[in-house]
């Protein structure tokens with residue numbers, strides 16, 4: 001539990017009954033502190049879903065809205081002691097831009113699911129509004145909230161690996177191996193529909209996590225990419241598999257792959273970074289363990305809860321060592337940093353993925369799309 005100086009209020013757009021990600025966000029906030037409260041929402045475009053979800057989560061029906069436009073206008077008029085401190089956007093991708101833009105324009109901080117928008121142009125508009133109005137904007141790249149990922153970032157940035165030579169990042173899933181979008185599976189239906197999700201399925205849904213993870217941990221800037229997007233399921237319009245070669249400023253290179261059609265894989269997200277002094281390995285299937293590979297072949301295993309680890313691990317841990325933490329706690333860590341910045345705007349230390357990461361992620365996706373359609377070997381990051 002985190003100690004906050006006052007009650008923290010938030011609103012949510014999307015996340016109604018049947019949503020996968022909405023309850024994860026709410027649970028992450030509930031775990032963080034009893035002082036955090038959901039005070040308003042537009043859970044769905046369907047009235048019955050709004051009502052059912054409001055009843056399920058205990059939201060006052062007078063602040064459960066049937067469209068986000070009405071919600072934004074009504075909530076903006078509330079006094080400071082009642083209005084939400086920030087709004088969470090967990091809709092399908094096509095609504096990320098319009099919902100986020102409206103709430104920013106009405107003076108609310110925003111935390112949005114990834115990918116930020118459907119185009120980099122939309123993302124840059126949100127960035128300008130947030131900057132001009134001095135509003136916070138978070139983007140939920142949840143995996144960088146893991147304590148051992150923060151430890152990996154510290155080790156890389158302090159030079160423990162030396163000069164980075166090679167980066168490998170992979171995200172393997174199998175849930176779209178069959179055309180379940182044709183069987184009424186809600187999560188698959190909107191993700192495989194370009195009008196709902198944007199120009200890419202595999203890159204937008206999970207490849208964006210790969211790009212963010214590499215950038216966060218390594219600190220490297222991608223210079224050029226060579227990408228190939230594929231759709232293995234007959235009749236599927238969008239890609240369900242992505243392979244990307246990476247070239248970084250400074251000479252390092254890497255490989256990124258993100259596939260949702262690898263039979264038998266559940267949610268296998270893995271990062272490996274190699275420098276001229278040492279390497280590191282992290283696997284989301286065992287997130288409390290970070291391996292450091294020494295030159296002599298020795299493998300040093302770091303675990304969350306060990307006393308020799310940095311302050312980041314202690315600040316982002318909730319349970320004693322030996323009691324596994326997971327992705328919900330990782331979400332909580334991002335929200336803890338975001339809320340702390342709301343309460344203390346002048347604090348220098350804040351570690352949550354923001355609008356800059358969201359804009360960069362969209363430019364990366366567009367560069368992969370461009371590269372995949374081109375016969376040119378390398379494409380500069382847009």
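Of the listed requirements (1) farther than 30 Å from residue 163 by Cβ; (2) touching a strand residue (DSSP E or B) at 6+ places or on another chain (Cβ under 6 Å), residue 341 misses just one: (2). Applying the set (1) assigned to a loop (DSSP other than H, G, I, E, B); (2) surrounded by 16 or more Cβ atoms within 10 Å (Cβ to Cβ) to residue 215 leaves exactly one unmet item: (1). Looking at this structure, is residue 180 outside the structural domain of residue 251 (by TED's automatic domain parsing), without any contact (Cβ under 8 Å) to a residue 40 or more places away in the chain and either touching a helix residue (DSSP H, G or I) at 6+ places or on another chain (Cβ under 6 Å) or closer than 15 Å to residue 274 by Cα (or both)? Taking the combined requirement at face value, the residue does not satisfy it. I'm trying to understand the selection: among the residues of segment 153-168, which are in contact with a strand residue (DSSP E or B) (Cβ under 8 Å, 6 or more places away or on another chain) and surrounded by 14 or more Cβ atoms within 10 Å (Cβ to Cβ)? Listed by number, the residues that qualify are 155, 156, 160, 161, 162, 164, 165, 166, 167, 168. You will find that of 163, 223, the residue that is under 25 Å from residue 382 (Cα atoms) and in contact (Cβ under 8 Å) with a residue 12 or more places away in the chain is 223 and no other.
Looking only at residues in segment 113-136 that are in contact with a strand residue (DSSP E or B) (Cβ under 7 Å, 6 or more places away or on another chain) and farther than 14 Å from residue 87 by Cβ, the one that is surrounded by the fewest Cβ atoms within 10 Å (Cβ to Cβ) is 114. Residues of segment 246-266 that are on the phi < 0 side of the Ramachandran plot and out of contact with any helix residue (DSSP H, G or I) (no Cβ under 9 Å at 6 or more places or on another chain): 247, 249, 253, 255, 262, 263, 265, 266.
Residues that are touching a helix residue (DSSP H, G or I) at 6+ places or on another chain (Cβ under 6 Å) and crowded, with 21+ Cβ neighbours inside 10 Å within segment 339-352 comprise just one, 352. For segment 243-269, which residues satisfy the criterion of being part of a loop (DSSP other than H, G, I, E, B) and within 20 Å of the chain's Cα centre (by Cα)? Hits for segment 243-269 are 260, 266, 267.
The values are calculated or read from the model by the stated rules, or taken from the named source; none is laboratory data. What you see is a predicted model, and the numbers here were worked out from it, not measured in a lab. Neighbour counts are summed over all protein chains in view; Cβ atoms, including those assigned to glycine, are modelled from backbone coordinates with ideal geometry.
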